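Take a look at the structure set out below.
The values are calculated or read from the model by the stated rules, or taken from the named source; none is laboratory data. None of the values given here were measured: they were computed from a predicted structure. Note that each Cβ is placed from the backbone with ideal geometry, even for glycine, and that neighbours are counted across all protein chains shown. Areas reflect the complete protein model, heavy atoms only, side chains present, ligands, DNA and RNA absent. Shrake-Rupley method; radii C 1.70, N 1.55, O 1.52, S 1.80 Å.
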Amino acid sequence: MATYERVVGDFDSGQLWLGSLVAVVLVGLGAVLAAPQLVWNRFLWHYFWGPVYADAMAANCAVMTSAGPEPLYEGCSAAIQDGRLVAEPGYTIVSEVGYMLILVYMLVGVYLLLERLEIAEDPKLYFAFVPFMLLGGALRVVEDATDRAVEAGVDPLVDYPLSSLIISPVIYGTVFLLTLLVLVVCVKLDNDGVVDSYYRTTGAVGTVLVLVTLLYLTFVAVTTDYSRLYPSVLLTTVGIASALSYGLYRLFDQYWPAVNDGTGTIGLLVIWGHAIDGVANVLLADWLDALSVPLTYYPKHPANAFIIATTESLQPAALSAAIGTSWPFLVVKLAVASLVVSLFNEEFIEDSPRYALLLLIAVTAVGLGPGTRDMLRATFAI
């Protein structure tokens, strides 16, 4: 025990985290080499990379063959019935649990990095990261646009394998690394006296990247036949989400002030981010006809699909026809986001400001990122 403590004591937390990352990668590679059929084909490819590959190829599914993965544009059900190894775009319970564990692990690494840089104790940094959350959703729509371009026989802006970098969930890692790079560079510029504030500069860079991406999507919508512009989706989603989140914020302020005391405006944005996700899902599932948008979308997340299926089974058919079946997803989103915000009281934030800020950023991102993608996808009819 003394030897172990002496060895570990020679390394700081950041070095130990990096060491653990290298160890996990090496163990994973060893497992793949030792049992490729079991570890790669039936687990990593089937649940994680296969869905990304199928999505990148704009296929209904992908099937693993002796020669490697092959996209299928029809016949997926038959392939499954034949006992072939099939991966479909979207998420499964296994993949979502896996991505959740990866997220928690990476958050620890980010926390240690921020601690080493001695930043992220100022709440203003939270607002600098909001544009990057929007950027993630916007870039995901760029990949959706490449799929439509391929279907229309047009050379896409980003083709496979590069397009896999902006497909969910890989895009979370892409945007994470981009944000980290911008942050580190801005901190360096701040320390050198080149800029006045690293967090304002970080936010400005993120805002520019979002605007450039939106300009590209707008250009595609007005110059091609495979995309059209429906601003009513954007305006309706942002309008309803803003009204609901601000209404909840004021309601808490009036009757349960302890909910807002710790986070203030940040708590409002956390709820708003998840309201965007909830409203976008409801509109895309049940209300696009009312907005005169001739498109049909289906939920890819198991939780959303489960909520819709449960509502269909419990709600009277007449009521379902009138208000749809996805509305409970919005209720769940608002309730969970409000509950999470209430956990960040003043004592917690004062005791661990960096940790609290990082968690608030992560909680917002997992709502605002997917919500932005859904909202913009329908806005640009992609």
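Longest exposed-loop-site-free stretch of the chain, with chymotrypsin sites (Phe, Trp or Tyr not before Pro), DSSP loop and at most 12 other Cβ within 10 Å? Walk me through the intermediate numbers first.
Details: sites that count: F11, Y73.
Maximal segment without exposed cleavage sites: 74-382.
Roughly what would the spin-label model give for N345 and V332, points 7 Å off Cα along C-beta, in nm?
2.9 nm
Report the semi-axes of the equivalent ellipsoid for the chain in whole Å, largest first, where each axis is √(5λ) for an eigenvalue λ of the Cα gyration tensor. Provide the component values of the computation, followed by the final result.
Numbers: eigenvalues 221, 180, 99 Å².
Working from the Cα gyration tensor, I get semi-axes of 33, 30, 22 Å.
Based only on Cα atoms, what mean projected area does the convex hull of the range 20-61 have, in nm²?
On the way: hull surface 13.3 nm².
That works out to 3.3 nm².
Multiplying the sequence separation of S13 and R116 by 0.36 nm and subtracting their Cα-Cα distance, what value in nm do you get? Write out the running numbers ahead of the final one.
Numbers: separation 103, 0.36 × 103 = 37.08 nm, distance 0.98 nm.
So the extension gain works out to 36.1 nm.
Looking at the P(r) of the range 298-339, how many percent of alpha-carbon pairs lie beyond 17 Å?
Numbers: 278 of 861 pairs.
That tail contains 32 percent of the Cα-Cα pairs.
For the range 181-271, just list the percent of Cα-Cα distances falling in each 5 Å bin from zero outward, please.
Whole-percent P(r) values from 0 Å outward: 3, 12, 12, 11, 13, 14, 15, 13, 6, 2, 0.
Given 0.36 nm per residue, what is the gain on full extension from L107 to L251 after removing their alpha carbon distance, in nm?
Details: separation 144, 0.36 × 144 = 51.84 nm, distance 3.17 nm.
Full-extension gain reported as 48.7 nm.
For D374, D289, D261, what's the largest-to-smallest order of accessible area, 1.4 Å probe? Each step should come with its number before you reach the end.
Values: D374 30, D289 130, D261 85 Å².
Ranked list, largest accessible area first: D289, D261, D374.
Of the accessible area of the range 204-342, with the probe set at 1.4 angstrom, what percent is carbon plus sulfur? If you can, show how the numbers build up before the last one.
Values: 5070 of 7120 Å².
The nonpolar share, carbon plus sulfur, comes to 71 percent.
Principal axis extents for the range 59-171, Cα atoms only, whole Å, descending order, please.
So the three principal-axis extents are 55, 33, 22 Å.
Return the FRET efficiency for the residue pair A67, Q37: r is the Cβ-Cβ distance, R0 is 22 Å, and the value is rounded to the nearest 0.05.
Numbers: r = 15 Å, r/R0 = 0.66.
Efficiency at R0 = 22 Å is approximately 0.90.
Averaged per residue, what accessible surface does the chain expose to a 1.4 Å probe, in Å²?
Details: 19840 Å² over 382 residues.
With all protein chains present, the chain gives 52 Å² per residue.
Over the C-alpha atoms of the range 52-102, what are the Rg and the largest Cα-to-Cα span, Dmax, in Å?
Every Cα atom of the range 52-102 included, Rg and Dmax give 11.8, 33 Å.
Describe numerically, in nm with one decimal, the distance between label points set 7 Å from Cα along Cα→Cβ at A321 and at K124.
About 5.7 nm, to one decimal.
Cα centroids of the range 70-107 and the range 321-350: how far apart, whole angstrom?
Rounded to whole Å, the Cα centres lie 28 Å apart.
Could I have the simple spin-label model distance between V97 and L189, label points 7 Å from Cα toward Cβ, reported in nm to one decimal?
Between V97 and L189, the label points sit 4.4 nm apart.
For the range 52-115, which whole percent of the accessible surface, found with a 1.4 angstrom probe, sits on carbon and sulfur atoms? Please list the in-between numbers first.
Numbers: 2120 of 3420 Å².
Carbon plus sulfur share of accessible area: 62 percent.
With only alpha-carbon pairs counted, each pair once and no self-pairs, how large is the Kirkwood hydrodynamic radius of the range 255-382 in angstroms? Working shown, then result.
On the way: mean 1/r = 0.0630 Å⁻¹.
Kirkwood hydrodynamic radius for the range 255-382: 15.9 Å.
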